[in-house]
Amino acid sequence: MGGLQLSKERIGFIGLGLMGHGMARNLVTKGWPLTVMAHRNRAPVESLVALGASEVSTPAEMARQVDVIVLCVTGSPEVRSILSGPDGIAAAGRELLIIDCSTSDPSVTMELARQLQPNGITLADAPLSRTPADAQAGTLDVMAGGDDDVFSRMEPILGAFAGRIVRTGPVGTGHTMKLLNNFLSLGYASLYSEALMIAGKTGLSPQAFDNVIRGGRMDCAFYQTFSKWFIDHDPNAHKFSIRNAFKDLSYLQSLVTAVGAANPVGAAVRNSFGLAVGLGHAEDYVPKMADIITDANKG
């Protein structure tokens, strides 16, 4: 399928949250015919409709009107719900490409792909990295899983909101790589948080800590967003909730169990975020882990 023909494909988008709104906005402003789904949060829907998008009430209604549906929801349970039932995508009975940009369980993604294929529905995984600001700017990183024809078809669509697209292999590998990517970043968040707690207990200031790390070998882009909280007290430093972090680490644990491996560091990182959820911080953003771990060690 050529690039000119691809540009005329009708795109549906479900999941207009922190990441999804910016992604959908890039699609409609870059000329893709866009349909979005009604949501209790009217602001992102109405802003996209004002830019030329159409609105529908159910996934099935959307599936009857578009060629490709992009999902950007919380995880596998939400994806299953959107696909199934009388109002689900599959009920429309049409051939479609579904691009799942959620952070989902790879085993569920592969199972759903097998189930949908006889119905003419192709499921590809294309999870994201970077921040909502990058979603608005169209500079997200995308990890894409799917065969050659599927990747060729979805690459220009992903290019509307991505600055970098990395093909990872067959369906399911994108979600696997996303879990590994999050394991690394959330592992760093746990390490930074514990290091800052120890620094505080020994009289070392956050500024002194930052002066050493920033610009050194242990600096990285993730540290620079994480540190915007404990240095600048920016509440929007990294808009990714502790609840979702714990969910992703739990998906990783499930994957590791399925392949019969041991990941003791992963278990420790998951426990750190589990502690934060148990202490009532599920809706806080990940950089607040620095405060949570410090407060848990007071006394």
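Counting only protein heavy atoms and using a 1.4 Å probe, the accessible area of Phe161 comes to about 0 Å².
Over all projection directions, the Cα-based convex hull of the chain averages an area of 16.6 nm². Here is the list for region 256-299: trypsin sites (Lys or Arg not before Pro) lying in DSSP coil, each with at most 12 other C-beta atoms within 10 angstrom of its C-beta, are Lys298. In sequence order, region 281-298 has phi-based couplings of 10, 4, 8, 6, 7, 3, x, 5, 4, 4, 6, 5, 5, 5, 5, 5, 10, 7 Hz under the Karplus curve 6.51 cos²θ - 1.76 cosθ + 1.60, θ = phi - 60°, and Gly or Pro positions carry x. What the chain shows is 46 Å² of accessible area per residue, with the surface traced by a 1.4 Å probe over protein heavy atoms. Can you give the net charge of the other residues whose Cβ lies under 15 Å from the Cβ of Gly52, counting K and R as +1 and D and E as -1? Net charge around Gly52: +2.
Only protein heavy atoms count here; on that basis, with a 1.4 Å probe, His281 has an accessible area of about 60 Å². Between the alpha-carbon centres of region 96-158 and region 228-290 there is a gap of 23 Å. A Gaussian network model of the chain, with springs between Cα atoms under 10 Å, assigns the largest mean-square fluctuation among Leu279, Leu18, Leu48 to Leu279.
Only helical runs count toward this figure. For the chain, summing -39,500 (n - 2.57) over DSSP H runs of n ≥ 4 and dividing by all residues gives -15500 deg cm²/dmol at 222 nm. Over every Cα atom in region 217-265, the radius of gyration and the widest Cα-Cα span, Dmax, amount to 14.8, 43 Å.
Over region 212-299, the reciprocal of the mean inverse Cα-Cα separation, the Kirkwood hydrodynamic radius, stands at 14.2 Å. Grouping the Cα pair distances of region 17-157 into 10 Å bins from zero gives a pair-distance distribution of 12, 44, 38, 6 percent in increasing distance order.
Build a GNM of the chain with springs between Cα atoms under 10 Å: which of Gly203, Gly172, Gly145 gets the top mean-square fluctuation? Taking springs between Cα atoms under 10 Å, the residue moving most is Gly203. Share of carbon and sulfur in the accessible area of the chain stands at 54%, probe radius 1.4 Å. 3J(HN,Hα) along region 131-141: 10, x, 4, 5, 4, 5, 7, x, 10, 5, 9 Hz, from the Karplus curve 6.51 cos²θ - 1.76 cosθ + 1.60 with θ = phi - 60°, whole Hz, x for Gly and Pro. The tail of the calculated P(r) for region 95-224, taken as Cα-Cα distances beyond 19 Å, holds 57 percent of the pairs.
For the set Lys30/Lys178; Lys178/Lys201; Lys30/Lys288, the pairs lying more than 32 angstrom apart at their alpha carbons are Lys178/Lys201; Lys30/Lys288.
Annotation: Tyr192 carries an accessible surface of approximately 20 Å², with a 1.4 Å probe and no ligand, DNA or RNA atoms counted.
The values are calculated or read from the model by the stated rules, or taken from the named source; none is laboratory data. Given the structure is predicted, the values throughout are model-derived calculations rather than measurements. All Cβ positions, glycine included, derive from the backbone under ideal geometry; neighbour counts span all protein chains shown. Remember, those area values only see protein heavy atoms, side chains included, never the ligands or the DNA or RNA. Shrake-Rupley method; radii C 1.70, N 1.55, O 1.52, S 1.80 Å.
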